[in-house]
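Remarks on the structure that follows.
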Amino acid sequence: MNRYLRAGLLALPVAAVCGAAVWGGLWYRSRALEPAALLRRIPTADALVVYLDFAALRRDGILSLLADPQIAEEPEYREFARRIAFDYQMDLGSALLAVAPTGKFLLARGNFNWPKLRAYAESQNGRCDGALCRLQGSTPDRRISFFPIRSNLMALAVSADESAALRMASAGGAPEPEVPDAPAWVSIPSSVLRSGDSLPAETQMFARSMGRADSVVLSFVPENARFAAKLIVRCRDNRDAADLAAQLTGTTTVLQKVFAGQRHLPNSADLTGVLTAGSFRSDGARVYGYWPIERAFVENLLGARN
């Protein structure tokens with residue numbers, strides 16, 4: 001066999017391996033991290049965690065309800081958006097935010113102009129060391145840090161620690177957590193539920209009933225012409241779950257009777273209509289809740305109507 005042909009044949013496996021490695025690396029870096037993988041990077045201990053899939057909300061026509069024209073008209077926002085060439089309604093894909101005792105932590109996926117972001121930080125008397133940028137916030141304990149995990153994934157933190165964003169540089173060792181298949185959801189810590197002081201008065205009875213739960217996740221999904229809120233509560237055991245489902249059902253019945261006694265018909269455009277339409281069931285150590293939500297309620301909640 002011609003020695004050149006033999007050398008070429010021997011080189012083929014090497015080329016195949018190298019090509020596969022290059023392709024695999026490009027695929028890995030381009031694939032989007034799923035919400036569960038993102039959640040492993042973000043500090044969640046005793047934190048209120050909010051996830052918004054802006055791409056899905058945009059497709060479902062919900063993002064237009066979230067848009068606040070007053071924000072868009074603010075000169076500070078306009079200047080900031082102009083300088084970094086960013087429009088959240090078009091450029092933001094998703095956001096995972098944790099409000100923790102140690103600060104606020106954000107993982108945002110979108111189209112970012114990193115040179116302009118660096119230039120903005122430096123123009124605000126900040127500094128960038130390598131990929132990490134730091135700048136001072138509105139108060140001494142609000143120090144902002146951010147860096148690109150990938151070209152389309154930003155880690156940003158507001159904390160007393162000026163390098164807090166680096167806490168999201170890698171995922172923790174725990175298995176990927178369960179997350180709802182929903183474009184918007186919130187995980188609520190038991191400390192918030194037990195106090196309930198920051199919640200609307202109508203919801204405080206529900207919240208305090210869940211104060212002993214291991215985890216509480218509330219998700220929001222589109223359902224044909226309306227929406228729905230879905231609750232998943234993980235309890236310590238089956239008995240706790242059955243008791244909680246009964247408590248939540250009882251609270252709903254009490255509200256229905258209160259409104260009936262006041263000759264006040266529940267209105268689907270406000271909380272009276274939403275809370276009195278809830279239903280609950282337990283399955284093992286979990287409780288599932290469901291509230292149908294009319295579009296008018298969402299519009300009122302977000303101030304879309306005058």
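Since every read-out is calculated from the coordinates, none of them should be taken as a lab result. For clarity, every value in this text was computed on a predicted model and none was experimentally measured. Methodologically, a virtual Cβ is constructed for each residue, glycine included, from the backbone with ideal geometry; neighbour enumeration extends over all protein chains shown.
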**Report entry** Ordering of 182-194, 113-125 by packing [mean C-beta count within 10 Å, highest first]
**Finding:** 182-194, 113-125
Query - Whole-Hz couplings from phi, Karplus 6.51/-1.76/1.60, listed for the range 115-124; x for Gly and Pro - result: x, 6, 5, 5, 5, 5, 4, 5, 5, 9
